[in-house]
1. Given H placed on each backbone N at 1.01 Å, which residues far from Ile134 in sequence or on other chains put an amide H within less than 5 Å of it?
2. Show me, for the stretch 78-89, the HN-Hα J-couplings you get by feeding each phi into the Karplus relation (A = 6.51, B = -1.76, C = 1.60, θ = phi - 60°), rounded to Hz, glycine and proline as x.
3. Are there GluC sites (Glu not before Pro) in the stretch 102-157 that DSSP puts in a loop and that have at most 13 other Cβ atoms within 10 Å, and which ones?
4. With only Lys, Arg, Asp and Glu charged, each at its Cβ (+1 for the first two, -1 for the last two), find how big the charge dipole of the stretch 48-166 is about the Cα centre; round to the nearest 20 debye.
5. From Cα pairs below 8 angstrom and at least 6 apart in sequence, can you work out the relative contact order of the stretch 37-119, rounded to a whole percent?
6. Can you work out ³J(HN,Hα) from phi for every residue in the stretch 150-156, in order, using Karplus 6.51 cos²θ - 1.76 cosθ + 1.60 and θ = phi - 60°, giving whole Hz and x for Gly and Pro?
7. Specify which residue in the list Asn103, Asn147, Ile117 is farthest towards the positive end of the charge dipole of the stretch 66-167, using unit charges on the beta carbon of Lys, Arg (+1) and Asp, Glu (-1), about the Cα centre.
8. Which aspartates and glutamates have a Cα lying under 12 Å from the Cα of Lys53, excluding residues fewer than 8 positions away in the same chain?
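What follows draws every value from the coordinates through simple rules; no lab data is involved. Bear in mind the structure is a predicted one, so any value in this text is a computation, not a measurement. Neighbour counts are summed over all protein chains in view; Cβ atoms, including those assigned to glycine, are modelled from backbone coordinates with ideal geometry.
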Amino acid sequence: MFVKNTTKICLIRLFTKKVMKKLSINILFSMLFLLFVSCEKYEAGGLISKSEKNLFKTWKLQQYLRNNTNETGSILISNYEETYSDNNVYSRIYNNKDNRVMNETGSWQLDTEQKIIQISGVSSIEITTITGTISASNRTITKLTKNEFWYTFINGGDKHEFRLIKK
């Protein structure tokens, strides 16, 4: 009887050790996965895990690039600002080529990977004499920190990039 009980105890201990070892390995891999996912960054900088926190503010256009060429000096608009607020409210204000103040409100939504912002409810903008009007409902975030926000989009066969700074 004593040998049978000892054998049972040994088997239970062996089983418990194996289960605990597998559980520990699973927990370790889960923690490493979470660490990796929470540290994922945008192409030019900024943690993806902080995207919404960093996005909620007003941004001012600092630089405009078309096909990776700085064309900030050629744009027809001025004082361009975008605001991302709670409840997915998007607004922008700028002076158009006639120096009229344009103020628009729409909505924004991040995709599930938090790399693309979908904008709706605003019109196109006449940005330069070469490109004419541009619009984009999907903007790819390339950088998002607490002080900088960069995104790109394709329109008319050209790659457009807005580089904004915190207002």
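1. Distant-sequence amide H within range of Ile134: Ile125, Glu126, Ile127.
2. 9, 6, 6, 9, 10, 10, 10, 10, 4, 6, 6, 8
3. On the way: sites: Glu104, Glu113, Glu126, Glu148; in loops: Glu113.
Here the GluC sites (Glu not before Pro) that fit, given the DSSP loop and packing criteria, are Glu113.
4. Details: 15 positive and 13 negative charges, 70 e Å.
Its charge dipole is roughly 340 debye.
5. 19 percent
6. Listing the rounded values in order: 10, 8, 10, 7, 9, 8, x Hz.
7. Asn147
8. Output for Lys53: Asp86.
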